[in-house]
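Each reported figure results from applying straightforward, stated rules to the coordinates on display, with no laboratory input. None of the values given here were measured: they were computed from a predicted structure. Note that each Cβ is placed from the backbone with ideal geometry, even for glycine, and that neighbours are counted across all protein chains shown.
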Amino acid sequence: MATSDIGDPILAKDGPQSMIPMLFKLNRWQWWLLVGLNIFFLVAGQTAAVLLGRFYYDQGGSSTLLATLVQTAGFPILFIPLIFLPASHRSPTPSDALSGKYICLIYIALGIVLAGDNLLYSYGLLYLSASTYSLICATQLAFNAVFAYFINSQKFTPLILNAVVILSYSAALLGVNESSDMPEGVTKSQYAIGFMCTLAASAIYSLLLSLMQLTFQKALKKETFSVVLEMQIYPSIVASIVSVIALFVSGQWRTLQGEMHGFHMGEVSYVMTVVWTGICWQVCSVGVVGLIFLVSSLFSNVISTVALVVGPIASVIAFHDKMNGVKIIAMLSALWGFASYIYQNYIDDSRSKELRRQMEANETRVAAC
């Protein structure tokens, strides 16, 4: 998965126009156009990647480690904006930030965890339909609230508690709905494994988000566009290396040629499926990074959660997945929990803006005296 919650970039805070980064010097409609483009990248990239992942398994693919690798192997795409970023916009490292050696160790640790998390997602998609998989992934918002409370010292309000309960209820509904849309050849025990792997992956990914935010706050001590990109790129490099090593150590690499020859849609389709899955994940990452920089990390997570709800609808169209009453209730519950979470953050943001205005007013009065 390619969403992120790693802190807001250094932007003004008084409306869309004032949130335009100095880097781009955009007017209002250009800013909205760029935001809309990044929303499209995130939603389309994430939805297409999940559908292609399910297509890979449906057509005879079986390598969970290859499916793990493609989730991060497209990281070189993110070097493009990093290379063209003017040096003047790369802020110096604060004197109290950790040394490069420790930052490197943090990136390695995050990358290893990311590789394991992607493997769990791969097993989840192997045993679940794309629609069920997407709905379970939506629980990451609830896990994120819990981890943010313990790791990032964020408040746990009644609205956040409501979101956690509702999203947990949504996942529980899907957990007892195993007989409705299991992929062909999947047993009830395998469905249970897929459910638990996806739920665990969502929890671990939420933990990663909180750890990334903690890294910005305590280790890097700055939040610029270049640092946001680096936080996406370097753990992805480590995760890709770990996935390649696991692919060879496990021996799964020996089965890839036979898998390609036996792919139902042909060898060319096999290669295109693998390549485009990797590209789609990185298109999603571009959207994530763009929204973090243009708006905020919260907004990026909001759109990512919306994409997870779009997934079931897309899978019904693409794969004719069953959308029964239980899944509809689960989707509506997920939207309810999502809305509660966002409304709480809207309240917090409004209070923060009001406090900032009061502080500015007090400073103005003091200066006038």
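Things to note:
- For a label point 7 Å along the Cα-to-beta-carbon line of TYR169, residues of segment 321-338 with backbone N under 15 Å: 326-338
- Site pair ASN362 and ILE77 shows an inter-label distance of 4.7 nm when each label is modelled 7 Å from Cα along Cα→Cβ.
- Segment 310-362: mean projected area of Cα convex hull, nm²: 4.5
- Sites listed here are chymotrypsin sites (Phe, Trp or Tyr not before Pro) in segment 130-173 whose DSSP assignment is loop and whose Cβ has at most 16 other Cβ atoms within 10 Å: PHE156.
- A DSSP coil position with no more than 10 other Cβ atoms inside 10 Å describes none of the GluC sites (Glu not before Pro) in segment 269-369.
- Relative frequency of Cα-Cα separations exceeding 17 Å in segment 219-331, percent: 72
- Calculated from backbone phi, Karplus (6.51, -1.76, 1.60) coupling profile of segment 278-291 in Hz, x at Gly/Pro: x, 5, 4, 4, 6, 4, 4, 5, 4, x, 4, 5, x, 5
- Calculated translational diffusion coefficient of segment 114-206 (37 °C, 0.692 mPa s; Stokes-Einstein with Kirkwood radius over alpha-carbon pairs) equals 242 µm²/s.
- Potential lengthening of the chain between TRP336 and GLU354 amounts to 3.8 nm, from the contour at 0.36 nm per residue minus the alpha-carbon distance.
- In this label model, CYS104 and ALA219 are separated by 1.3 nm, measuring between points 7 Å along each Cα→Cβ vector.
- Label-to-label distance, nm, for residues given as ILE245 and GLN30 (7 Å Cα→Cβ offset): 4.6
- Cα centroid separation - segment 337-361 against segment 110-169, whole Å: 24
- Listed cross-link partners LYS327/LYS353; LYS155/LYS322; LYS155/LYS327; LYS218/LYS353; LYS101/LYS155 are compared with a 28 Å cut-off, the Cα-Cα value being larger for LYS327/LYS353; LYS155/LYS322; LYS155/LYS327; LYS101/LYS155.
- Across segment 137-271, the fraction of Cα-Cα pairs farther apart than 24 Å, rounded to a whole number, is 55%.
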